[in-house]
Ligand SMILES: [Zn+2]
Ligand SMILES: [Zn+2]
């Protein structure tokens, strides 16, 4: 009985923690602080991407993404500029001063903005739920992602993943 109480309490604490982290307004900024943004709804999914483009733009082993509902993402200061591959389908936004890669918009997926969660003031929750393009992963890299894709998940997969992600953070 006592053990059950503790288990229940731990579970409640864990749930409470997730809710606080993902359901409050989140604020973020680039390296120099000229561009700032806020997020007013919970992320729909988090991911690490090992593709060559993400490796180039992050100058690192992989990029981190939080998929945010488009109408819940707002630039509150500064004028981000296009960088990386200049379209045609993907639009990567950078700070014009410090050149931090901040977020990405994809044509045809206007309901989402892919934000780099490392830039959030509170970024401790941003564990990647999935990882993509593992076919291009550096051999020493390991992430705690729950799902792995050699390439990218299909739209169907994405829908299922978002349901699962929401349930895990509810
Ligand atoms: Zn900057
Ligand atoms: Zn990528």
Using helices alone, what [θ] at 222 nm do you get for the chain, with -39,500 (n - 2.57) per DSSP H run of 4 or more residues, divided over all residues and rounded to the nearest 500?
-> -8000 deg cm²/dmol
Counting other C-beta atoms within 10 Å, which of 68, 106 has the fewest, and how do the rest follow?
-> 106, 68
For the peptides 143-155, 55-67, 86-98, what is the packing order when you average, over each peptide's residues, the other Cβ atoms within 10 Å and list the highest mean first?
-> 55-67, 86-98, 143-155
Mind pulling the angle between the C-alpha long axis of helix 155-168 and the longest principal axis of the chain? Nearest 10 degrees, somewhere in 0 to 90.
-> 40 degrees
Quick one: among 126, 135, 40, which has the greatest mean-square fluctuation in a GNM of the chain with alpha-carbon springs under 10 angstrom?
-> 135
To the nearest 10 degrees, the tilt of helix 2-23 (Cα long axis) against the first principal axis of the alpha carbons of the chain is 20 degrees
With the Cα gyration tensor of the stretch 23-88 giving a ≥ b ≥ c as the square roots of its eigenvalues, does the rule (a/c under 1.5 for rounded; else a/b larger than b/c for prolate; else oblate) give rounded, prolate or oblate?
-> oblate
Evaluate the relative contact order of the chain (contact order divided by residue number), counting alpha-carbon pairs under 8 angstrom at least 6 apart; express in whole percent.
-> 24 percent
At 4 °C and 1.567 mPa s, what whole-number value in µm²/s does Stokes-Einstein give for the translational diffusion of the chain, with Rh from the Kirkwood sum over Cα pairs?
-> 77 µm²/s
Just the C-alpha atoms of the stretch 89-170: what Rg/Rh do they give, with Rh taken as the Kirkwood radius?
-> 0.97
Using a 10 angstrom cutoff on alpha carbons, build the Gaussian network for the chain and name the most mobile of 85, 119, 45.
-> 85
For 130, 82, what's the fewest-to-most ordering of other Cβ within 10 Å of each Cβ?
-> 82, 130
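Each value in this text was obtained by applying a stated rule to the coordinates, not by laboratory testing. Computed from a prediction, not measured in an experiment: that's the story for all the values here. Positions of Cβ are backbone-derived with ideal geometry, glycine not excepted, and every protein chain shown enters the neighbour counts.
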